[in-house]
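For reference, the structure discussed in these notes is given below.
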Amino acid sequence: MLGTVVPAALYHLRRLCREWFAVEPLVARASLDWGFDIKVDNPNEVGADRLLNALAGHKHFGGPLIVVDFGTATTFDCIIVDNERAGRFIGGVIMPGLRTASDELVRRTAKLPATELLPPTHAIGRRTEDCIRVGVLWGTADAVDGLVRRIKAEWPSKKQPTVVATGGLAVLVAPLCKEIESVHPDLTLVGLRIAAAALGLEW
């Protein structure tokens, strides 16, 4: 089983599976049975990564739940639970990813240098690199906290959601956030394993 949000890569991944492993891969998409309802206007627009995050989050934490995935984009996936077993994916938020924003800042300006993203110690930077770190890291952390609070303010059930972070940059940003309660960097891959097992595929 494979999951990708890069359409151009799908052909090559399928070919790899056929030629090297002699299998026809099952592609993660909204039309599969995820074990929860996808309650958005167009389920086919929801990326496989977000569905895999929702699956793994629902399996391990129950609900209600917000999964914040720090990747190329930073996504917020919202899952509510009607009872102990039934869940609903109700949508979320997509914002530019931490590294994406940082790289674009450097690319589109003439003098700002590429900067190693280390946690800042002061809000007022005295060097250009420090200013960038504050803007990118604390800016992202505050944006995440603010968006989580907005999501919670319109949450459709009385019980407030648990907030879990995942993705390659989660360990960098989550400690700077007040709203994130738990970090599980590989939740997407865990979701892929769960989905494969549920469909009777070998892992």
Legend entry - Karplus-derived 3J(HN,Hα), 6.51/-1.76/1.60, for each residue of the range 174-184, Hz, glycine and proline x: 3, x, 8, 9, 8, 8, 7, 9, 8, 10, 9
Legend entry - ³J(HN,Hα) computed for each position of the range 12-19 - Karplus, 6.51 cos²θ - 1.76 cosθ + 1.60, integer Hz, glycine/proline x: 5, 5, 4, 5, 4, 5, 5, 7
Legend entry - Low-density loop positions, trypsin sites (Lys or Arg not before Pro), the range 41-118 - DSSP coil, at most 10 other Cβ in 10 Å: 85, 108, 111
Legend entry - Per-residue HN-Hα couplings for the range 148-164 [Karplus 6.51, -1.76, 1.60; θ = phi - 60°; Hz; x = Gly/Pro]: 4, 5, 5, 4, 4, 5, 10, 4, x, 10, 5, 6, 6, x, 7, 10, 10
Inset, instruction - Pull up the cross-link candidates among the lysines for residue 39, meaning alpha carbon to alpha carbon under 21 Å and not fewer than 8 places away within one chain. - result: 59, 152, 158, 159
Inset, instruction - May I ask you to sort 31, 182, 102 by Cβ crowding, counting other Cβ atoms within 10 Å and putting the fewest first? - result: 31, 182, 102
Legend entry - Estimated FRET transfer efficiency when R0 is 35 angstrom, pair residue 31-residue 105 (beta carbons, to 0.05): 0.40
Inset, instruction - May I have the extent of the alpha carbons of the chain along their three principal axes, as whole Å values ordered from largest to smallest? - result: 57, 49, 28
Legend entry - Top of 27, 81, 190 by mean-square fluctuation, Gaussian network on the chain, Cα under 10 Å: 27
Legend entry - Extension reserve of the residue 186-residue 121 stretch, reckoned as 0.36 nm per residue once the Cα distance is removed: 20.6 nm
Legend entry - residue 29 long-range amide H proximity, modeled H, under 5 Å: none
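Read-outs: derived from the displayed coordinates by stated rules, not from any lab. A quick note: this is a predicted structure, and the numbers were derived from the prediction, not measured. Neighbour counts are summed over all protein chains in view; Cβ atoms, including those assigned to glycine, are modelled from backbone coordinates with ideal geometry.
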